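What follows is a set of notes on a single structure, which appears directly below.
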Amino acid sequence: MPQTNFVDYEKFFDCVHCGLCLSFCPTYVELGTEMDSPRGRIATMRSLHEGKFPLDAEVVRHLDLCLGCRACETACPSGVHYGELIESARSFIEEQYRRPLLDRLKRWTIDKVFPNPLGVRVFASMLKLGSALGLSRLARSDKLPQQLRSWFSMVPERGSVSSATLLEHYPAIGEKRYTVAVLSGCVMPALFGATNEATVKVLRHNGCEVVVPKAQGCCGALLLHNGNKPDGLARARQTIDVFNGLNVDALIINAAGCGAMMKEYGELFKDDPVYREKAQRVAAKVKDVTEFLGGIPLIPPSREVKKSVTYHDACHLAHGQNVRSQPRALLRAIPGLQIMELQESDWCCGSAGTYNLTEPAMARRLLDKKMANIEATEAELVVMGNPGCLMQIRAGLQQRGLSIKAVHTVDLLAEAYEG
Amino acid sequence: MDTAFIAQLAAIVGPDGVVSNKTALSVYDCDGYTLEKSTPDLVVLPRSTGEVVAVVKLLHKEKIAFVPRGAGTGLSGGCLPVEAPVMIGTSRMNKILHIDLVNRYMVAQAGVVNLWVSNAVKSQGFQYAPDPSSQQACTIGGNVAENSGGPHTLKYGVTTNHVLGVELVLPDGEVVQLGGVVDDVLGYDLRGITIGAEGTFGIVTQATLRLTRQPQAYRTFLVVFETVPQATQTVSDVIAAGIIPAALEMMDNLMIQAVEAAFHVGFPTDAGAVLIIELDGLEAGLDPQTKKIMAICERNAAREVRLAQDEAERTALWKSRKRAIGAAGRLAPNYCTQDGVVPRTKVPDILAAIARISEKYQLRIGNVFHAGDGNIHPILLFDERNTEETERVLKAGREILQACVDLGGSLTGEHGIGVEKMGQMSLIFTPEDMLAMTQVRAVFNPENRCNPHKIFPTPHGCIDTRVPRRQASL
Ligand SMILES: Cc1cc2nc3c(=O)[nH]c(=O)nc-3n(C[C@H](O)[C@H](O)[C@H](O)COP(=O)(O)OP(=O)(O)OC[C@H]3O[C@@H](n4cnc5c(N)ncnc54)[C@H](O)[C@@H]3O)c2cc1C
Ligand code: SF4
Ligand code: SF4
């Protein structure tokens, strides 16, 4: 079999086969199979690269099952760039492998809907219609089969979806300290409009003048995670062009998946003479909203929020960007808030971008585990920094009929600033 | 393997508990020791003692040899299948079954990860003392097989001092309980010889683990030296002063560089060596000992003594130490970790010998090890694509072990003999010694069907060349 070259071969040698990552990998701990561990997947990808294996259903199965949560990168002492390896392998699979029809259809739909503002709006309106009709209750109906119930559980509870389009410019509240740009995102405006508004509010209260370029679209993260490299790179280039010219202190992201990807723009375009430098410049400005707020002298919020909360670490924040302490510190800055510890807080909830749509069975197992841990905290709110996790965890809470609410970290902060 | 046999196994452990696809199996071809590889024909993943018994009985009936595997973090090829077609993995046997804090023990399945044990009782002030550097991944079953130690072995002992009892499935499927929840043993200590048998007696399915109180307080130092001899002299002086630290670890310049590149903890990359010294116990007793240690460090011209100021700093220091071997992966495409022991007064001599061997074979060798008990871990850096260099690594490794033996030491401190060091057993044991030991094994494993061709060189002769199913990774 010929050698394939989907990634820089040297990268495989970062892995020294020590196995220290195993117990951090959700799919390995669930299944116990070495093929579904980081070490096993790296070995599989290497053999694929060396042309020792054919690209067959077995190989694809184990690589598909990877959440891309990058918990293995946190665990690995040897500095393996796992995210890069798996994404390259995925785009290789999409180019070279013919999936069964149903699978192809599912993936095609995801590819078309999510990064496309119109697609997201249509999807969002469907969810909202469902929500208005109270379809979310069907998720708890025991008359429906499990598979249908889990679909209905994706329909948000009444009032939990909001769309909002941001203005292009907001002045700072009080003395101006920074100028920042905000990525409004592709999914966020349609489904989490209020969270986008909260992001702007919190930044303004901290002396930020906020610009939101109109021309922006999807950053490419979802497409690239799914192995759709051509379309993903195109989106990424657009995003780079939009933000490159701006003279700002930081480019603020409130969706962990987007932030993690945008920080890697430099690496992504390292062989592209036209985009290399622009990509590096933009990547260097990217900051998660909590990372940015955690790094400046905070103007603390003054309103009391008398609630008990717990914090869930989104994979692409904790493992992808090593942002863990900042959001917790921000929560501690809110007067009156009672914070409970969440066991296995950085264990993937199963959302993982569109994983819950492509691999529902494993996603469900991980969601069950997350739900049990959340319930055990007895908190009223569970707080996190990623829209994907919010949808997944809200679905889980709904399906179990729990009264706990899931909110974004900035939603809670905005409440503490403005009530 | 024929499909009827696979179906029989699947009937026991479920279809998803049998791995038979060739591509899938290939990821089971080695553990943390990557110089030799061999792929099993089947992997079976039971969930309970009952399932293990049923699987082993079937293998017994069919006269098929098998090899147990935990997390595959072993460093001597212990779970490499050598003329053992079936691998039995404990990765799904990962439940803690019972915790009794009043009587201070826990019963855990063999596949439970070492660190999970301490994590489960941490909030109540307890711990499981053996802390191998691989503890975030290695399993209790693997620890029992290798009698694993760790940095805190110096004060607290190794696995055998903390495992009260084991449940063992013999190669014919019989289940035996060795030891129990109390310390006193009547008759021969069969639990004792099972711990450290490297999986050649049968499959451990459960273990009863001793839980101990977390120390009330710690003092953890990072001590920086210009030269390796200054550091080793400090180690000798601390021990000679009658102080038993909880841990006494050393890292040389190459490893300091690897760790700093990986974790940015602020190790001085120009230092010749650093020591990590930890004292623990009652708060009241620690300050006088701290003073003594400070004085010894000063006498040996320590450049700097940093005391961890809080639990976070202490954790960061240990995290970097425990992941140091893995961090060596940043220095070269491959590495081979050696494991030998010398009397602790001979640490300076063995380090000098390693430096000579490094020179002779033109290899970079880093050292990070349990200095307090003379357990050295030279880390030989290489690139497996360079066959000639790989040869030199094998030779240098053997020479280091020979040097340990010459200094009155031994072949392995904690990683076991596995397949890696079978050839060197004759440096220490006579053929009669080895025969006696295989007779002990035969009491448990008479047909040698559980983990064959390990520890003792077999009549096949040198396993390197003659065992047909096994090839070096090159
Ligand atoms: C980075 C790194 C650091 C390390 N640091 C240390 C250290 O500080 N101290 C130390 O002692 N070791 C250390 N090791 C070696 C290794 O982690 C230990 O030997 C560990 O106990 C192996 O556990 P495992 O679950 O990975 O077992 P495996 O590697 O899967 O197996 C090891 C042996 O145990 C047998 N076995 C496994 N499970 C069972 C069972 N249930 N019943 C019977 N036999 C079984 C196997 O057949 C094999 O012979 C380190 C390894 C690495 C990679
Ligand atoms: S990915 Fe890292 S932690 Fe996992 S086996 Fe490879 S080197 Fe070890
Ligand atoms: S990214 Fe997550 S699921 Fe994939 S191998 Fe790493 S830890 Fe496992």
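The values are calculated or read from the model by the stated rules, or taken from the named source; none is laboratory data. Note that this is a predicted model, so its numbers are computed, not measured. Using ideal geometry, Cβ is built from the backbone for each residue, glycine included, and neighbour counts are taken over all protein chains shown. These accessible areas exclude ligands, DNA and RNA; they are computed on the full protein's heavy atoms, side chains included. Shrake-Rupley method; radii C 1.70, N 1.55, O 1.52, S 1.80 Å.
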Angle between chain B longest axis and helix B:3-13 axis [Cα atoms, degrees, rounded to 10]
60 degrees
Anchor B:K155: lysines whose Cα lies under 20 Å away (excluding residues fewer than 8 positions away in-chain):
B:K122, B:K291, B:K292, B:K319, B:K322, B:K346
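Based on the alpha-carbon gyration tensor of the stretch B:217-325 and its eigenvalue square roots a ≥ b ≥ c, which shape applies: rounded if a/c is under 1.5, prolate if not and a/b is larger than b/c, or oblate? Can you show the working numbers first?
Values: a/c = 2.02, a/b = 1.23, b/c = 1.63.
Oblate shape, in that a/c is at least 1.5 and b/c is the bigger or equal ratio.
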Taking only C-alpha positions in chain A, Rg and Dmax in angstrom work out to 20.9, 66
Chain pair A, B: how much accessible area is buried, both chains summed, with a 1.4 Å probe, in Å² to 100?
2700 Å²
Over the stretch A:9-96, with every protein chain in place, what whole percent of the accessible area is carbon and sulfur at 1.4 Å, could you tell me?
52 percent
When only Cα pairs under 8 Å and 6 or more residues apart are kept, what is the percent relative contact order across chain A?
15 percent
Nearest 10 degrees is fine. How inclined is helix B:49-62 to the longest principal axis of chain B, computing both from alpha carbons?
60 degrees
At 1.4 Å probe size, with every protein chain present, just tell me what the per residue accessible area of chain A comes to in Å².
40 Å²
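Within chain B, what's the longest run with no chymotrypsin sites (Phe, Trp or Tyr not before Pro) in a DSSP loop and at most 15 other beta-carbon atoms within 10 Å? Give the range, please. Write out the running numbers ahead of the final one.
Numbers: sites that count: B:Y188, B:F429.
In short, B:189-428.
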For the stretch A:89-104, what does the Karplus curve 6.51 cos²θ - 1.76 cosθ + 1.60, with θ = phi - 60°, yield as ³J(HN,Hα) per residue in whole Hz, taken in order and with x for Gly and Pro?
5, 5, 6, 4, 4, 5, 6, 9, 10, 9, 7, x, 3, 4, 4, 4
Name the residues of the stretch A:221-249 whose amide N is less than 17 Å from a point 7 angstrom out from the Cα of A:Q96 along the C-beta direction?
A:227-230
Per residue, how many Å² of accessible area does the stretch B:332-417 show with a 1.4 Å probe?
36 Å²
Given the candidates B:L45, B:L75, B:H60, the one whose Cα lies deepest towards the positive end of the charge dipole of the stretch B:3-89, counting +1 at each Lys or Arg C-beta and -1 at each Asp or Glu C-beta, is B:H60
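GluC sites (Glu not before Pro), restricted to the stretch A:342-418: which are DSSP loop and have at most 12 other Cβ atoms within 10 Å?
On the way: sites: A:E344, A:E375, A:E378, A:E380, A:E415, A:E418; in loops: A:E344, A:E378, A:E380.
Hits after loop and neighbour filter: A:E378.
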Hey, how many Å between the Cα centroid of the stretch B:334-367 and the Cα centroid of the stretch A:233-294?
46 Å
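Which of the three applies to the stretch A:15-65, rounded, prolate or oblate, going by the alpha-carbon gyration tensor with a ≥ b ≥ c and a/c under 1.5 meaning rounded? It would help to have the intermediate numbers written out before the result.
Values: a/c = 3.22, a/b = 1.41, b/c = 2.29.
In terms of gyration-tensor shape, oblate.
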Where in the stretch B:203-239 does the label zone of B:L307 land, with the point 7 angstrom along Cα→C-beta and an amide N cut-off under 11 Å?
B:219-221
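Going down the list A:K11/B:K22; B:K37/B:K57; A:K306/A:K405; A:K229/A:K263; A:K369/B:K95; B:K22/B:K61, which pairs span over 21 Å between their C-alpha atoms?
Working: A:K11/B:K22 25 Å; B:K37/B:K57 27 Å; A:K306/A:K405 14 Å; A:K229/A:K263 17 Å; A:K369/B:K95 15 Å; B:K22/B:K61 25 Å.
Where the Cα-Cα span goes over 21 Å, the pairs concerned are A:K11/B:K22; B:K37/B:K57; B:K22/B:K61.
Using only helices, what value at 222 nm comes out for chain A when you add -39,500 (n - 2.57) per DSSP H run of length 4 or more and divide by the total residues, to the nearest 500 deg cm²/dmol?
Working: 22 runs with 209 residues, N = 419.
Computed ellipticity for chain A at 222 nm equals -14500 deg cm²/dmol.
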Return the long-range amide H neighbours of A:S308 (sequence gap of 5 or more, or a different chain), with a cut-off of under 5 Å between placed amide H atoms.
A:Q338, A:E380, A:L381
Per-residue ³J(HN,Hα) for the stretch B:74-84, Karplus 6.51 cos²θ - 1.76 cosθ + 1.60, θ = phi - 60°, Hz, x for Gly and Pro:
x, 10, 10, x, x, 9, 5, x, 10, 6, 10
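Percent of Cα-Cα pairs more than 33 Å apart in chain B, please.
Here the long-distance tail beyond 33 Å is 38 percent of all Cα pairs in chain B.
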Nearest 500 deg cm²/dmol is fine: what mean residue ellipticity at 222 nm does chain B get from its DSSP H runs of n ≥ 4 alone, each adding -39,500 (n - 2.57), divided by its residue count?
-10000 deg cm²/dmol
Heavy atoms only, probe 1.4 Å: what % of the accessible area of the stretch A:207-321 goes to carbon and sulfur, would you let me know?
49 percent
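Antiparallel as a % of all DSSP beta bridges within the stretch A:161-287, to the nearest 5? The partial results should precede the final answer.
Working: 2 of 12 bridges.
Taking every DSSP beta bridge with both residues in the stretch A:161-287, the antiparallel ones total about 15 percent.
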Give the separation of the Cα centroids, the stretch A:13-64 to the stretch B:78-95, in Å.
17 Å
For the protein assembly as shown, give me the percentage of DSSP beta bridges that are antiparallel, rounded to the nearest 5 percent.
70 percent
List the lysines whose Cα lies under 20 Å from the Cα of A:K214, skipping any in the same chain that are fewer than 8 positions away.
A:K201, A:K278, A:K285, A:K287
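May I ask you to give the percent of accessible area on chain B that is carbon plus sulfur, with a probe radius of 1.4 Å? Display every interim value, and only then the final one.
Numbers: 9800 of 18130 Å².
About 54 percent, which is the carbon plus sulfur part of the accessible surface.
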Relative contact order, percent, of chain B when contacts are C-alpha pairs under 8 Å separated by at least 6 residues?
16 percent
Can you pull out the GluC sites (Glu not before Pro) in the stretch B:417-460 whose DSSP state is coil and whose Cβ has at most 12 other Cβ atoms within 10 Å?
B:E447
Quick one: 3J(HN,Hα) in Hz for the stretch A:320-329, Karplus 6.51/-1.76/1.60 with θ = phi - 60°, rounded, Gly and Pro as x.
x, 10, 6, 9, 10, 7, 4, x, 5, 5
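Going by a ≥ b ≥ c, the root eigenvalues of the Cα gyration tensor, does the stretch B:304-347 fall in the rounded group (a/c under 1.5), the prolate group (a/b larger than b/c) or the oblate group? Please report the intermediate quantities before stating the final value.
Working: a/c = 2.81, a/b = 1.28, b/c = 2.19.
Because a/c hits 1.5 or more and a/b fails to exceed b/c, the stretch B:304-347 counts as oblate.
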Here the percent of antiparallel bridges among DSSP beta bridges lying wholly in the stretch B:3-89, to the nearest 5, is 20 percent
Could you list the square roots of 5 times each eigenvalue of the Cα gyration tensor of the protein assembly as shown, that is, the equivalent ellipsoid semi-axes, sorted largest first and rounded to whole Å?
47, 33, 27
Roughly how far apart, in whole Å, are the Cα centres of the stretch B:28-56 and the stretch B:168-205?
20 Å
How far apart, in nm, are the 7 Å Cα→Cβ label points at B:D41 and A:T4?
3.0 nm
For the stretch A:9-96, average projected area of the Cα convex hull in nm²
5.1 nm²
